[in-house]
Amino acid sequence: MSKYPDYKYINVKIIAKSRNLRGQDIITYELDYPRFIHAEIMTHRMFGRNAQSSRAVPIAKTLEVNQDFVRPIVYGANQSGMSSSKELEGQGLYDAKYDWDVAAESAFDISAALNKLGLHKQWANRITEPFSRIKVIITATEFDNFFWLRDDEDAAQPEIVELAQRMKEVNESTPAIQLDQGMWHLPYVF
């Protein structure tokens, strides 16, 4: 079960879940998550994937969609290793949250100013990426390695742990459609 069910910057749904005659499932997820974990998703080469490009989205739409910009699940204290096991506390936590919000607001303000100057979205939207969400479609037959690596609170970033947990939850509650000979797994085709 996900640890942070109220974290609003991650949304997961299954578009299609099919089972072939050998009993193997193929699943297509539609994901919406913080862009700052997207590079970690890209390391999983067994996924067929397609992601929203900040070069393709108009600046005004990026600004509108991200009015409530992405914030971390936890503000972890710095330590050696790739993950933090302890959250900042007291004034440090307050200051970190404040500084994050100032940086995000500044990024979106600068993006809006660059838009008014006529700068193309391929540059103006890049400034906002650390504070934005991204929509991604993933299709695969094998998720065990992803879940083993990413649903690990001791080793993975909290946001990708939350994403993996929500993906598992949705998968467990979604029945597969049995494909017969000659049928195809067709997400977005009804």
Checklist line | Residues in the stretch 125-161 reached by a label modelled at GLN79 [backbone nitrogen below 12 Å; 7 Å Cα→Cβ] | finding: 154-155
Item checked: Assigned charges on the beta-carbon of Lys, Arg, Asp, Glu; the stretch 63-143 dipole about Cα centre (debye) -> 320 debye
Item checked: Probe 1.4 Å, all protein chains present, accessible-area order of GLU162, GLU40, largest first -> GLU40, GLU162
Notebook entry, point to check: Hey, any idea what the orientation-averaged projected area of the convex hull of the stretch 1-89's Cα atoms comes to, in nm²?
Noted result: 9.1 nm²
Notebook entry, point to check: Can you list the chymotrypsin sites (Phe, Trp or Tyr not before Pro) in the stretch 121-185 that are in a DSSP coil and have 13 or fewer other beta carbons within 10 angstrom?
Noted result: TRP184
Notebook entry, point to check: So between ASN145 and LYS86, what do we pick up on full extension, going 0.36 nm a residue minus the alpha carbon distance?
Noted result: 18.6 nm
Check: What length, rounded to one decimal in nm, is gained on full extension from TYR94 through to ASP32, with 0.36 nm per residue of separation minus their alpha-carbon distance?
Finding: 19.6 nm
Next item on the list: For ALA112 paired with ASP154, estimate the spin-label separation in nm (one decimal), with each label point 7 Å from Cα along the Cα-to-Cβ line.
Entry: 4.6 nm
Notebook entry, point to check: Any idea how far apart ARG22 and LYS3 come out in nm if each label point goes 7 Å out from Cα toward Cβ?
Noted result: 3.6 nm
Notebook entry, point to check: Of the lysine pairs in the chain, how many meet both conditions: Cα atoms under 28 Å apart, and a spacing of 8 or more in sequence or different chains?
Noted result: 29
Next item on the list: Return the single residue from MET46, MET167, MET82 with maximal mean-square fluctuation; model: Gaussian network over the chain, springs between Cα atoms under 10 Å.
Entry: MET82
Checklist line | Top of SER132, SER80, SER173 by mean-square fluctuation, Gaussian network on the chain, Cα under 10 Å | finding: SER80
Check: Taking θ as phi - 60°, what are the ³J(HN,Hα) couplings along the stretch 3-12 by the Karplus curve (6.51, -1.76, 1.60), each to the nearest whole Hz, with x for Gly and Pro?
Finding: 7, 10, x, 8, 5, 7, 9, 10, 10, 9
Item checked: Shape of the chain, Cα gyration tensor, a/c cut at 1.5 -> oblate
Notebook entry, point to check: In whole Å, what is the distance between the alpha-carbon centres of the stretch 141-190 and the stretch 1-71?
Noted result: 11 Å
Checklist line | Computed lengthening from LYS13 to GLN181, 0.36 nm per intervening residue step minus Cα-Cα distance | finding: 57.8 nm
Next item on the list: Give me the distance in nm between label points sitting 7 Å out from Cα along the Cα-to-Cβ direction at TYR188 and VAL65, one decimal.
Entry: 1.3 nm
Next item on the list: With an 8 Å cut-off on Cα pairs and a minimum separation of 6 or more residues, tell me the relative contact order of the chain in percent.
Entry: 40 percent
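The values are calculated or read from the model by the stated rules, or taken from the named source; none is laboratory data. Bear in mind the structure is a predicted one, so any value in this text is a computation, not a measurement. Note that we place each Cβ from the backbone using ideal geometry, even for glycine, and neighbour counts take in every protein chain shown. Ligands, DNA and RNA are stripped out before the accessible areas are found, and what is left, the full protein with its side chains, is counted by its heavy atoms. Shrake-Rupley method; radii C 1.70, N 1.55, O 1.52, S 1.80 Å.
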